[in-house]
Amino acid sequence: MKNKVVIVGGGMVGAATAIKLAKQGASVTILEQQCIDPHAVLTSEKIDIRISAINRFSEALLDELGAMPLLRENRIAPYTQLEAYESVQNSLLFDSEEVGTSHLGHLIENSLTQASLWAQFEQWQIQVEQVDGLPMSITQSDDTVTLHYKNKTYTADLLVAADGGRSQVRHLVGIGVTGWQYQQSCMGVLIKIDAPQQTKTWQQFKQTGPIAFLPMHAPYANLIWYHDSAELARLKQLSNEQLKAEIQSNFFALPGDFSVEEKAVFPLSRQHANTYSQGRVVLVGDAAHTINPLAGQGVNLGFKDVAALAEALESTDDFGCPLALHKYEKKRRLDNLAMMSMMDACYFGFSNDIKPLKHLRNLALKVADNAGVLKKQVLKHAMGGDF
Ligand SMILES: Cc1cc2nc3c(=O)[nH]c(=O)nc-3n(C[C@H](O)[C@H](O)[C@H](O)COP(=O)(O)OP(=O)(O)OC[C@H]3O[C@@H](n4cnc5c(N)ncnc54)[C@H](O)[C@@H]3O)c2cc1C
């Protein structure tokens, strides 16, 4: 008999989980609050301000799931260089040539990644149901798990929570989280830029928080601006012309003249679930961990969860088997924690003006830039593994 899997949340991670488990023989249903028409999204000219740096591990997974070929035909931007600065004199440059590869990753609009996965559902007979309202409770027996809505119930062998950082499923099974809300938020600014396709993404660490330039498919790019919430609230209510002037006086010169198209402010939180499973319920992606977006690793960690979960279920007949779910957690927890801690060390280490620390980190950037083998290892880790 086929394993029955219900997934709450059809974002990038939930959608990838659905295809991966359907490919392993499961009968999959996704419950989603905001269903999309993937073909309409893939052909739309509307640019999504939410973008993600998709690393090489995630690219390989998206290839395996059939999504990457669709994305390659669409608006994606490969990047070959990644530079971190404190000042022009102190920078650390990662270059794809150093590890003998064509690119480090792609910058892709989240809606396109999600839609390219949804476009595969028909082929794998994945059912999608639009749900209104939150699930109210979850009950479990030795063999099944049941999700209860006001007027409907869903019973499965495995229930996957892919419903993001504020996961209701996680809450219903009583899994707590440790973490905090950062003092700062970050603003994403979608710009249209008069320059050829850019392949270098950069980030500058300033005392007020990091700022970053993320090239998108020309003529667009995304700017990320960390600051305290009051300052971002002020910037957000400026006209696009006024915001452009603020960008010009706070960012390094951009590669061409530009116009501000859209802006959005995102709260920042770090959150880690105390356990990744409870009986036949398992957490993936942001439902299990949310990370400071500083180095663009959130969804990449989520895609690694998907691969690890599928691997843990490969050798079992029962996809809800708690032992297999523990195996998945064992594989992912430390890796997720390590990445979260590394991001925080960079974030807190750089966002201040303490003199000895400033001296130390400038030295660290210089040493790291000449660190040969170590630098290559860091780069490979950021790409998601060996490529
Ligand atoms: C500013 C910013 C920049 C980022 N940049 C990067 C980057 O460069 N690279 C990177 O890897 N990551 C990045 N991230 C992180 C990345 O966006 C997240 O890690 C990723 O979106 C998580 O995907 P997910 O599918 O787990 O959750 P989500 O994207 O939150 O998706 C959850 C889905 O579940 C649905 N849902 C929620 N509740 C319910 C419910 N009760 N019932 C049914 N459906 C429900 C939602 O509608 C949604 O479709 C960034 C994040 C931010 C804020």
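The values are calculated or read from the model by the stated rules, or taken from the named source; none is laboratory data. None of these values were measured; they are calculated from a predicted model. Neighbour counts run over all protein chains shown; Cβ positions are idealised from the backbone, glycine included.
What's the number of the condition Thr153 fails, among (1) touching a residue at least 12 places away in the same chain (Cβ under 8 Å); (2) away from the ligand (no atom under 11 Å from the Cβ)?
So the condition that Thr153 fails would be (1).
Taking segment 305-314 only, how many residues are touching a Lys or Arg at 6+ places or on another chain (Cβ under 7 Å) and either buried (at least 23 other Cβ atoms within 10 Å of the Cβ) or among the polar types (S, T, N, Q) (or both)?
Adding up the residues that qualify gives 2.
In segment 295-306, how many are part of a helix (DSSP H, G or I), in contact with a strand residue (DSSP E or B) (Cβ under 6 Å, 6 or more places away or on another chain) and at pLDDT below 95?
Within segment 295-306, residues that are part of a helix (DSSP H, G or I), in contact with a strand residue (DSSP E or B) (Cβ under 6 Å, 6 or more places away or on another chain) and at pLDDT below 95 number 0.
Which of the residues spanning segment 128-151 are farther than 22 Å from Lys2 by Cα and in a loop (DSSP other than H, G, I, E, B)?
Selection gives Val131, Asp132, Gly133, Leu134, Pro135, Met136, Tyr149, Lys150, Asn151.
So, in segment 1-55, of the ones that are of a type in the set (Lys, Arg) and within 15 Å of the ligand (Cβ to nearest atom), which residue ends up nearest to Ala308 (Cα to Cα)?
Checked segment 1-55; the qualifying residue nearest to Ala308 (Cα to Cα) is Lys20.
Taking the condition of being away from the ligand (no atom under 16 Å from the Cβ) and at positive phi, how many residues in segment 171-224 meet it?
1
Which of the following residues is within 13 Å of the ligand (Cβ to nearest atom), buried (at least 21 other Cβ atoms within 10 Å of the Cβ) and either charged (D, E, K, R) or at pLDDT 95 or above (or both): Leu325, Leu283?
On the way: Leu325 fails: within 13 Å of the ligand (Cβ to nearest atom).
One residue alone meets the criteria, Leu283.
Thr208: in contact (Cβ under 8 Å) with a residue 12 or more places away in the chain, buried (at least 22 other Cβ atoms within 10 Å of the Cβ), out of contact with any Lys or Arg (no Cβ under 7 Å at 6 or more places or on another chain) and of a type in the set (Val, Ile, Thr), yes or no?
no
Contact list please: Cβ distance under 7 Å, first residue in segment 116-133 and on the phi < 0 side of the Ramachandran plot, second residue small (Gly, Ala, Ser) and more than 14 Å from the ligand (Cβ to nearest atom), pairs at least six apart or on different chains.
Within 7 Å, the pairs are Gln120/Gly66; Trp124/Ala22; Ile126/Ala22.
Does segment 11-22 contain at least one residue that is touching a residue at least 24 places away in the same chain (Cβ under 8 Å), among the polar types (S, T, N, Q) and crowded, with 20+ Cβ neighbours inside 10 Å?
At the first step, the residues of segment 11-22 found to be touching a residue at least 24 places away in the same chain (Cβ under 8 Å) are 11-22.
Imposing the further condition that a residue be among the polar types (S, T, N, Q) reduces the set to 17.
Going one step further and asking which of them are crowded, with 20+ Cβ neighbours inside 10 Å, we end up with 17.
Yes - at least one qualifying residue is present in segment 11-22.
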